[in-house]
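Input: a single structure, listed below in structure tokens.
The values are calculated or read from the model by the stated rules, or taken from the named source; none is laboratory data. Computed from a predicted model, the values in this text were never measured in an experiment. Methodologically, a virtual Cβ is constructed for each residue, glycine included, from the backbone with ideal geometry; neighbour enumeration extends over all protein chains shown. Remember, those area values only see protein heavy atoms, side chains included, never the ligands or the DNA or RNA. Shrake-Rupley method; radii C 1.70, N 1.55, O 1.52, S 1.80 Å.
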Amino acid sequence: MADAGPAPSVGVIVLSQGRRPAELARALASVMAQRGVHTDVVVVGNGWQPDGLPAGVASLALPQNVGIPAGRNAGVPEVRGELLLFLDDDAALADRSFLADAVRRFDDPSLGLLQPRVDTAGGEEPPRRWTPRLRVGDRHRSSAVFSVWEGAVVVRRAAFAAAGGWAAPFFYAHEGIELAWRVWDVGYEVRYAGDLAATHPLTRVTRHADFFRLNARNRVWLARRNLPWVFAAPYLLSWTALQVVRSARQPRTLVPWWAGWLEGWQTDPGGRRRLRWTTIARMVRHGRPPIV
């Protein structure tokens, strides 16, 4: 029998504030149980010193909560591997072959970023936002996508570095859209794998106190950082109109939303790197022009 060679190495970054010890233990157990790969795992404590970790799991304590994207970025230099898995502390890999299956897909050199299907940990119907398509359709169907649900993604390290990593200034919300856009922009593809599963509890995005403000601010920042103005204007107009419709039953939610919208124009979004026209053409070709 031919030598199969060494197991591929995957760097795993698990971000946690230490508030969900049972869920964190479950997330790490799902990583440590992976077969056919070597995992180099770090738990990034966002304003917390991780403790009680399994043997072989490293820790990185950040002195304060720097936000989700910056916290994930901080873990990247701490792990080895040409592929990176970012896993939230309340998510888990559904089976022991998850990473081995994901690694094989990256044999395709065009693949830069992969998001699995996300099933609810309790078996409930998943929210449509976990499937990053305008038309969700069959959640088991794979496709090219232009945003990702950030709680469990596998990314080629070279693509991640070329794309500039997660949008650190965002703190929370929409960083998965920007990373997907920029991975496409540096010449790779982003795919949703409907036949590869992670799990996550059913949660409400509004559980975050600043959800409406950050949702609006980062939507404006997303356009200012990435889009030519001919696309930025209709993109922001369409999302503004959609939010007004969504808030019709709870108009008080528009108060923090408009505050965030104005903040998005009044503050520095952290630099601008406009998407190439060829990238926008690819988005249009795949039915997701950056106007909605």
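Some notes on this structure:
- Accessible surface of the chain, 1.4 Å probe: 56 percent of it comes from carbon and sulfur atoms.
- ³J(HN,Hα), Karplus 6.51/-1.76/1.60, whole Hz, each residue of region 80-85, x for Gly, Pro: 9, x, 6, 10, 10, 10
- Just so you know, the Rg over Rh for region 148-204 is 0.98, from Cα atoms, with Rh as the Kirkwood radius.
- Alpha-carbon centroid distance for the pair region 230-270 / region 47-65, whole angstrom: 36 Å
- More than 14 Å apart - percent of Cα-Cα pairs taken over region 55-109: 67 percent
- Exposure check, 1.4 Å probe, all protein chains in place: residue 280 carries approximately 10 Å² of accessible surface.
- Largest first, the residues 101, 185 sort by 1.4 Å accessible area into 101, 185.
- In plain terms, if you count all Cα to Cα distances in region 1-124 and split them into 5 Å steps from zero, the share in each step is 2, 11, 21, 24, 19, 13, 7, 3, 1, 0, 0 percent.
- Over all pairs of different C-alpha atoms, the chain has a mean inverse distance whose reciprocal, the Kirkwood radius, equals 19.6 Å.
- For region 138-237, accessible area per residue (1.4 Å probe, heavy atoms of protein chains only), Å²: 33 Å²
- Averaged over its residues, region 1-133 has an accessible area of 45 Å² per residue, based on protein heavy atoms and a 1.4 Å probe.
- Each residue was assigned an accessible area with a 1.4 Å probe, and for residue 265 the value is about 100 Å².
- Between the residues 227, 42, 197, the greatest Cα displacement towards the positive end of the dipole of the chain, with unit charges on the Cβ of Lys, Arg, Asp and Glu, is found for 227.
- The H on the amide N of residue 121, modeled in the peptide plane, is under 5 Å from the matching H of 200, 202, each at least 5 residues off or on a different chain.
- Relative to its Kirkwood radius, the Cα radius of gyration of region 142-292 gives an Rg/Rh of 0.96.
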